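Reading through the structure tokens given below for one structure.
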Amino acid sequence: VETALDDIPVLAVTDEEAFRLTQGRPVVLIPRQVEALKTRLNPASRTVSAMLGQTIVALCEMRGGRLNPVRVFHSS
């Protein structure tokens, strides 16, 4: 999975943010996070990997200063 996601920017999230994403709720980003992600985004995509430590939580779309979960991964 990690190899397939190599070209997608990663954003470290907190426990609370990870919980929100797994519930299908968006996470509001601070301006510094938005700017950092913009420089790493593929011009044709707004996809960001949300990571809690070494675990992927969700693939998200960054839009309007928010991370909106598109695909959530539930760890067992």
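The values are calculated or read from the model by the stated rules, or taken from the named source; none is laboratory data. Note that the structure is predicted; figures quoted are calculated from it, not measured. When we count neighbours, we look across all protein chains shown, and the Cβ atoms used for this are built from the backbone with ideal geometry, even at glycine. Accessible surface is based on the protein model in full, side chains and every heavy atom, while ligands, DNA and RNA are left aside. Shrake-Rupley method; radii C 1.70, N 1.55, O 1.52, S 1.80 Å.
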Looking at region 1-24, which of the residues that are surrounded by 13 or more Cβ atoms within 10 Å (Cβ to Cβ), in a loop (DSSP other than H, G, I, E, B) and of a type outside the set (Val, Ile, Thr) is modelled with the highest pLDDT? Pro9
Please find, within region 25-37, the residue that is farthest from Asp6 (Cα to Cα) out of those that are open to solvent by 50 Å² or more (accessible area, probe 1.4 Å) and without any contact (Cβ under 8 Å) to a residue 24 or more places away in the chain. Ile30
Considering only residues that are in contact with a Lys or Arg (Cβ under 9 Å, 6 or more places away or on another chain) and among the aliphatic types (A, V, I, L, M), look in region 49-66 and name the one that is surrounded by the most Cβ atoms within 10 Å (Cβ to Cβ). Ala58
Quick one: which of Ala18, Ala50 is closer than 19 Å to Ser75 by Cβ and touching an Asp or Glu at 6+ places or on another chain (Cβ under 8 Å)? Ala50
Give just the number: which of (1) in a loop (DSSP other than H, G, I, E, B); (2) of a type outside the set (D, E, K, R); (3) within 10 Å of the chain's Cα centre (by Cα) does Asn42 not satisfy? (3)
